[in-house]
Structure formats: C-alpha cells, structure tokens
Amino acid sequence: MATVPMAHGLLFAGLLFVLGVLGLLVRRNVVFVLLSLEIMLNAAGLAFIVAGARWGQADGQVMFILILAAAAAELAVGLALVLRFRRHFKSLDPGAASTMRG
Amino acid sequence: MNVAFYISAVIAILATLAAISRREAIHALVYFVVSLLAAAVAFLVLGAPFAAALEVITYVGAIMVMFLFVIMTLVPDTRTNGDQPRVKGRSWLVPLLLTFVLIGDIVYVAAMGTAFSVSGVEVSPRQVGQTLFGPYTLAVEMASMLLLAGLVGAYHLGRHRSRK
C-alpha cells in the first residue's frame with residue numbers, strides 16, 4: 001500500500017500558507033486581502049487533515065470542521081466590512097482607511 | 001496512488017498562485033475555487049472523505065458563493081442590456097483545463113478503489129461524528145456561538161443606516 005510521506009503533505013500545506021501570506025502582503029485590495037485570509041485558513045485545515053491522517057485519528061477532521069466554521073463566520077463579517085468600507089471610502093484600497101496620522 | 005496526491009497538490013499550488021496574481025477579483029475567485037477543489041481531492045487521497053465532501057459543499061458551495069455575491073455587487077459597471085453575446089477573452093480556459101485534470105485525477109482514485117493516506121488508513125465519517133459529538137461537544141457549542149456572532153455582526157455591519 002503506497003502512502004504519502006507526512007513531510008510532503010505538510011510541505012504542501014506550508015506552500016499554500018506562504019502563498020496566502022504573499023497575497024496578503026502584495027495585494028492592495030481588500031477583496032484580495034480576504035481571499036488571502038481564506039487561502040491561509042484552508043492551508044491550516046489541510047495541515048490538520050495531514051496530521052489527522054498520519055495517526056489515523058478523527059481529530060484532524062474535527063479541527064478542520066471547526067476551522068470551516070471559523071472561516072464562514074470570519075468571511076461573513078469581513079464581506080460586510082468590505083461593503084461598508086467601499087460605501088464609506090469609495091475605494092477598495094486598504095490604504096484609504098489610514099486616516100490616523102502619528 | 002501517490003501520483004494522485006502530487007497532481008492535486010501541484011494543481012492547488014498553481015491555482016492559488018494564479019488566484020493571488022489575477023487583476024480581476026472574479027478571475028481570482030474562480031482560480032481559488034479550483035484550488036479548493038484540488039485540496040478536496042487531496043483530502044480524499046489522504047483518507048479523509050468526509051472533509052473532502054465538506055470542502056466542496058461548504059467551502060466552494062456556500063462560502064465562495066457568498067464571496068461571489070459580494071464581488072458582483074462591487075463590480076462598478078453592472079449595467080448590461082440583456083445577456084452579453086459571449087464571454088470576452090479566454091480567461092475561463094485555464095481553470096477549465098485544471099478542473100478537467102482534477103476530474104481525471106479523481107477518476108483514477110476511484111478506479112484504484114481503496115483509500116490511501118499518510119498512515120494507510122481511512123478515517124470514516126462515522127468516526128468523525130463520534131469524535132465530534134463525543135469529546136468535542138464543547139467545541140461544537142463554541143462553533144455555534146461563533147457562527148451566531150458572525151451572523152449578528154454581518155447583519156449589523158451590512159444594514160443601511162436609515163437616519164443620517
């Protein structure tokens with residue numbers, strides 16, 4: 001029975017997470033910031049699945065389900081904030097909100 | 001069988017790379033959906049079929065559709081006179097191609113039959129349910145409170161200020 005080495009699964013999750021961080025740092029658009037957050041949450045869930053599969057326990061999938069609930073709640077509030085942001089600042093650039101000087 | 005995992009991993013990473021580098025938010029969303037589907041195939045190969053199904057149903061089917069609605073309201077020029085004659089450009093071609101590779105991948109997994117994973121055992125939905133509502137009952141309650149807080153927060157932030 002061929003198996004996938006755990007290191008490769010974690011490397012996969014780590015690469016996805018790094019791509020999410022990269023998108024978060026590079027993009028200047030609140031929609032892409034939210035998308036990058038979703039990429040990172042998904043990568044974290046993937047790491048839990050890999051770890052759960054390593055020991056053959058259900059805990060990894062349970063944590064994935066909890067991450068899914070967190071992602072749904074976070075995105076609902078985040079998207080409402082994006083709509084609010086757009087209405088208030090007439091822009092999607094997060095820099096538009098930096099009105100505090102100091 | 002290893003091959004199925006690596007194909008889905010490569011597709012997920014390529015699609016994510018495309019998602020964070022697209023100019024149009026809607027194109028990025030399509031690539032991210034492909035990335036999530038690839039991750040679902042990876043879950044299946046890793047012996048987590050329940051998580052794979054949840055990824056497709058909840059993440060792609062619910063969360064990303066919510067994202068899609070918001071992006072559609074953010075698009076500045078939505079004034080179109082009826083249906084457009086055709087989609088401009090070939091931006092749909094690459095995601096479609098990646099999805100077909102994924103379909104081939106999952107057919108290969110299905111043809112091979114048995115589940116494979118890091119440790120070689122499949123964690124069934126029954127086990128997940130017993131763990132979720134056994135030792136993790138408190139976490140389930142906390143998740144429900146979190147979703148309620150998300151609902152109330154989204155409603156509060158999303159409503160229009162009537163008096164101003």
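The values are calculated or read from the model by the stated rules, or taken from the named source; none is laboratory data. Just so it is clear, the structure is predicted and the values come from calculations on it, not from any experiment. Every residue, glycine as well, gets a Cβ built from its backbone with ideal geometry; the counts of neighbours run over all protein chains shown. With ligands, DNA and RNA removed, areas are computed over all heavy atoms of the protein, side chains included. Shrake-Rupley method; radii C 1.70, N 1.55, O 1.52, S 1.80 Å.
Summary table
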read-out	value
Ordering of B:14-22, B:96-104 by packing [mean C-beta count within 10 Å, highest first]	B:14-22, B:96-104
Charge sum, other residues only, whose C-beta stays under 15 Å from A:VAL33's C-beta, Lys/Arg counted +1 and Asp/Glu -1	+2
Interface burial for B against A (accessible surface, 1.4 Å probe, total of both chains, Å², rounded to 100)	5400
Among A:ALA70, B:LEU14, B:HIS156 the positive-end extreme of the charge dipole of the protein assembly as shown (Cβ point charges)	B:HIS156
For the protein assembly as shown, size of Cβ-based charge dipole, Lys and Arg +1, Asp and Glu -1, in debye	1400
P(r) histogram, all alpha-carbon pairs of the protein assembly as shown included - 5 Å bins from 0, percent	1, 6, 12, 16, 17, 15, 12, 9, 6, 4, 2, 0, 0, 0
Label-point separation in nm, B:MET72 to B:MET145, each point 7 Å along Cα→Cβ	3.6
For chain A, Kirkwood radius (reciprocal of mean inverse C-alpha pair distance, Å)	15.4
Accessible surface of chain A, 1.4 Å probe, proportion on carbon and sulfur as whole %	70
Ranked packing of B:25-35, B:45-55, A:9-19, most packed first, by mean Cβ within 10 Å	B:45-55, B:25-35, A:9-19
Chain A: relative contact order in percent, alpha carbon pairs under 8 Å with at least 6 residues between	26
Overall Cα dimensions of region B:14-54, principal axis frame, Å, largest first	36, 16, 8
Theoretical ellipticity at 222 nm over chain A - DSSP helices of four or more residues, -39500 (n - 2.57) apiece, nearest 500	-27000 deg cm²/dmol
